[in-house]
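> Take this structure first; my questions come after.
The values are calculated or read from the model by the stated rules, or taken from the named source; none is laboratory data. Since the model is a prediction, treat every value here as computed from it, not as a measurement. Glycine also receives a Cβ, built like all others from the backbone with ideal geometry; neighbour counts cover every protein chain displayed. Ligands, DNA and RNA are excluded from the accessible area calculation, which covers all protein heavy atoms including side chains. Shrake-Rupley method; radii C 1.70, N 1.55, O 1.52, S 1.80 Å.
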Amino acid sequence: MSKSAGAEPVVTITGKRSSPDAALFVGSGKADEISDAAAREKLDLVIFNHALSPAQQRNLERHLKVRVIDRTSLILDIFAQRAQSHEGKVQVELAQLQHLATRLIRGWTHLERQKGGIGLRGPGETQLETDRRLLGDRVKALRVRLDKLHRQRETQRRARGRNNTFSVSLVGYTNAGKSTLFNSLTKAQAYAANQLFATLDTTSRRIYLGEAGNVVISDTVGFIRELPHQLVASFRATLEETVHADLLLHVVDAASPVRMEQIEEVNNVLTEIGADHIPQILVWNKIDAAGLEPALERDEYDKIRRVFISAQTGAGLDLLREAITEFAKENAVSQVDRLPVPDQRDEAGPLSYVSGSHVSGPHDR
């Protein structure tokens, strides 16, 4: 992950503890080991692959005498580099400011001096208090802007709903190949690269799938283990495209040795954003690297469970289109079954509803 942010890893130090140390996160002995390595290699940055409290980060910087950042700061930095659209940049800045708000006091003792002055700040207000106030004002302004963008996206979504357009969202662990698959299915030119969080902005394209008609496919931001809560909150507008989808294509890196853990992490994030109820099909991507063949698997109820493809070579894409078409057709039938019909017992009375069969996916809960 550090390479994705532009850093060059020099030394990797691991350790095990039953619980984090309140002051340093790691034990004092491990902190000394890190300090010796930093001095020996003349390092200018130490990255912890865990979330640190403001106090732990401050204590570590004093102990190691080098700049320290945690997992959350690193992910935020990667997001800041990748953001392209106006909405993506606003979401990243909001997440960064929310993270910074808890760490303003870190080592900045000069900010605690009181500085008054006409046109500068209120009487008796410290520099730290001023920074907090200005930061709070900026956070409010960014939230207002995101709310406006959210309303625009909601209007577009309602328009698609009025047209009864079937919507599909690609979800999955970061770098699973979602954007490559999106480009292969839609002939779009969305940015795709072999790096973490290459996609931050939701991109939607309409494709025609024969009997299923028009289908809208959306590419979304990749998930990752312990995704910072600031990002989940800030990217809620983007992630809502996932929440309102009719079907999720859960893209999995079939060549990854930890693919099962990644599937679990993605499902955890889907639960967090309220999208765990949406039917999903597992799309095992990169079968060319995993030595697998294109295939389509069904469960005991004859529902499509997994599709094995390679978005890079195009192998199995016909099977995936077939799976989407089949699900869209079943969903259209289900929607017709749920249309209101007049109650035959009382034609002048209110409408009653006929409930059709429920179309479920392999992970429908």
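> Scan region 259-275 and give yes if some residue there is within 21 Å of S184 (Cβ to Cβ) and touching a Ser or Thr at 6+ places or on another chain (Cβ under 6 Å), otherwise no.
No: zero hits.
> Still on this structure, I have one more. Kindly evaluate A7 against the criterion of being open to solvent by 30 Å² or more (accessible area, probe 1.4 Å) and touching a residue at least 40 places away in the same chain (Cβ under 8 Å).
Yes; evaluated as a whole, the condition is true for this residue.
> Moving to a separate point now. Just need a number here: residues in region 249-296 that are closer than 22 Å to I217 by Cα and outside any helix (DSSP H, G or I).
So the answer is 23.
> Given the criterion at pLDDT below 95, more than 25 Å from the chain's Cα centre (by Cα) and open to solvent by less than 20 Å² (accessible area, probe 1.4 Å), identify the matching residue among S334, S352, S357.
After ruling out the rest, the residue left standing is S334.
> Across region 63-79, which residue is surrounded by the fewest Cβ atoms within 10 Å (Cβ to Cβ) among those that are at pLDDT 90 or above and part of a helix (DSSP H, G or I)?
Applying the filter and picking the extreme gives H63.
> Next question. Considering region 218-233 alone, what residues qualify as being modelled with pLDDT of 85 or more and on the phi > 0 side of the Ramachandran plot? Even if it seems obvious, please write down each step before you answer.
Restricting attention to region 218-233, the residues satisfying the condition of being modelled with pLDDT of 85 or more are 218.
Residues satisfying the conditions do not exist here.
> Assess whether A39 counts as being over 18 Å from H99 (Cβ atoms), open to solvent by 30 Å² or more (accessible area, probe 1.4 Å) and not in a loop (DSSP other than H, G, I, E, B).
In short, yes.
> Right, V307: in contact (Cβ under 8 Å) with a residue 40 or more places away in the chain and open to solvent by less than 50 Å² (accessible area, probe 1.4 Å) or not?
It is false that V307 is in contact (Cβ under 8 Å) with a residue 40 or more places away in the chain and open to solvent by less than 50 Å² (accessible area, probe 1.4 Å).
> Every residue in region 234-252 that is under 16 Å from the mean Cα position of the chain (by Cα) and modelled with pLDDT of 85 or more, please.
Of everything in region 234-252, those that are under 16 Å from the mean Cα position of the chain (by Cα) and modelled with pLDDT of 85 or more turn out to be A245, L248, L249, H250, V251, V252.
> Being in contact with a Lys or Arg (Cβ under 8 Å, 6 or more places away or on another chain), part of a helix (DSSP H, G or I) and surrounded by 20 or more Cβ atoms within 10 Å (Cβ to Cβ) narrows it down to one of Q57, Q91, so name that one.
Values: Q91 fails: in contact with a Lys or Arg (Cβ under 8 Å, 6 or more places away or on another chain).
After ruling out the rest, the residue left standing is Q57.
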